[in-house]
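Worksheet: the structure to be examined is printed underneath.
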């Protein structure tokens with residue numbers, strides 16, 4: 001004999017989460033994300049300075065390669081563009097090669113400053129970034 005099918009009652013008053021519980025969880029997540037972003041803000045500046053230092057090392061290595069090929073460094077007027085395109089001003093390099101695909105840009109969107117002879121290194125060259133303010137000052141990165 002088959003048993004009659006019992007109707008099941010579903011209790012709607014205890015199923016799911018309340019609006020208050022959902023808002024509480026979202027509030028906690030927002031506080032955690034906000035504090036994490038606040039803690040990481042200083043690290044972004046450190047990362048930009050580290051990128052500048054690695055870019056300067058790469059540029060310096062290409063400038064030394066340019067010097068080995070041409071027996072002289074590019075002038076300040078020729079600048080870092082001499083690593084990308086053959087200079088048309090004197091002194092023209094005799095054995096020029098393209099050493100970089102493009103002139104590097106610092107993390108703040110400006111070109112690196114190149115001086116030959118340098119102000120800081122009078123027997124060599126200077127390569128540095130103007131930093132976040134974009135002005136030639138004491139807070140420049142890579143000097």
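Read-outs throughout are calculated quantities, based only on the coordinates presented, and are distinct from any laboratory measurement. As the structure is a prediction and not an experimental result, all values here were calculated from the model. For neighbour counting, all protein chains shown are included, and Cβ atoms are generated from backbone atoms with ideal geometry for every residue, glycine included.
Couple of notes before you dig in:
- Of all the residues in the stretch 108-123, those that are surrounded by fewer than 17 Cβ atoms within 10 Å (Cβ to Cβ) and in contact (Cβ under 8 Å) with a residue 40 or more places away in the chain number 1.
- Note on the stretch 93-104: residues that are in contact with a helix residue (DSSP H, G or I) (Cβ under 9 Å, 6 or more places away or on another chain) and over 12 Å from residue 65 (Cα atoms) total 4.
- Here residue 136 fulfils each of the conditions (1) surrounded by 15 or more Cβ atoms within 10 Å (Cβ to Cβ); (2) on the phi < 0 side of the Ramachandran plot apart from (1).
- Pairs with Cβ under 7 Å, 6+ apart, first in the stretch 61-75 and on the phi > 0 side of the Ramachandran plot, second surrounded by 13 or more Cβ atoms within 10 Å (Cβ to Cβ): none
- A residue that is surrounded by 13 or more Cβ atoms within 10 Å (Cβ to Cβ) and either outside any helix (DSSP H, G or I) or touching a strand residue (DSSP E or B) at 6+ places or on another chain (Cβ under 7 Å) (or both) occurs somewhere in the stretch 66-74.
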